[in-house]
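Heads up: the structure comes next, in structure tokens.
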Amino acid sequence: MGIAWNADRMSTGFKLVDDQHQELIRRFNEFHDAMAHGKGQATAIRLLGFLAEYTETHFKCEEECMTQHRCPAAISNLSAHNGLRREIAAVKGHITEGKLSLADLVKVEQMLGNWIQTHICTIDVKLRECVGDRSHS
Ligand SMILES: [Fe+2]
């Protein structure tokens, strides 16, 4: 089963950040479906292209947002982001070398599913406590 956006559990209170998280969930679900249909390989290459950009643009946006609002989760957020940046870069490296394996695909699926369910729902949502509900701003 894919992951459904759940504002109560996932909203950070910042529309831009939430929109980006929803896009990540959409991409994850697309990949999850492809994996279930044995088409993970082709989708993974597209997904990793997206993730390489996402881990720069979205992560920077969210990191700046946390710093700006003096969010207590800013440091743990940054270190988690750097961890995912490294993991994504490693899998991208396998693609470049023509060595993308089924183990890589399974790892990416688990890693992203886990990221959405734990990182977004526990660390990113700390932003909400810093500024109250700004989901409409
Ligand atoms: Fe984050």
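The values are calculated or read from the model by the stated rules, or taken from the named source; none is laboratory data. A quick note: this is a predicted structure, and the numbers were derived from the prediction, not measured. Note that we place each Cβ from the backbone using ideal geometry, even for glycine, and neighbour counts take in every protein chain shown. We work out accessible area using only protein heavy atoms, side chains counted, and drop any ligands, DNA or RNA first. Shrake-Rupley method; radii C 1.70, N 1.55, O 1.52, S 1.80 Å.
Could you check region 87-99 and list, in sequence order, the residues that are of a type in the set (A, V, I, L, M), over 21 Å from ILE120 (Cβ atoms) and open to solvent by less than 30 Å² (accessible area, probe 1.4 Å)?
Of everything in region 87-99, nothing turns out to be of a type in the set (A, V, I, L, M), over 21 Å from ILE120 (Cβ atoms) and open to solvent by less than 30 Å² (accessible area, probe 1.4 Å).
The conditions are (1) within 14 Å of LEU48 (Cβ to Cβ); (2) within 14 Å of the ligand (Cβ to nearest atom), and ASN114 fails exactly one of them. Which is it?
Here ASN114 meets the rest and fails (1).
Of the numbered conditions (1) closer than 22 Å to GLY83 by Cβ; (2) at pLDDT below 95; (3) open to solvent by 40 Å² or more (accessible area, probe 1.4 Å), MET1 satisfies every one except a single condition; which is it?
Just one mismatch for MET1, condition (1).
Give the residue, chosen from LEU51, LEU24, LEU47, that is within 12 Å of the ligand (Cβ to nearest atom), under 25 Å from LEU102 (Cα atoms) and surrounded by 18 or more Cβ atoms within 10 Å (Cβ to Cβ).
Testing whether each residue is within 12 Å of the ligand (Cβ to nearest atom), under 25 Å from LEU102 (Cα atoms) and surrounded by 18 or more Cβ atoms within 10 Å (Cβ to Cβ) leaves just LEU24.
Give me the pairs, please: first residue somewhere in region 51-80 and in contact (Cβ under 8 Å) with a residue 60 or more places away in the chain, second residue anywhere and surrounded by 15 or more Cβ atoms within 10 Å (Cβ to Cβ) and not hydrophobic (A, V, I, L, M, F, W, C), beta-carbon distance under 6 Å, and either six or more positions apart or on two chains.
Listed by first residue and then by second, the contacts come to MET66/ASN77.
For residues in region 66-86 being more than 9 Å from the ligand (Cβ to nearest atom) and under 19 Å from PHE50 (Cα atoms), which is most open to solvent (accessible area, probe 1.4 Å)?
That would be ARG86.
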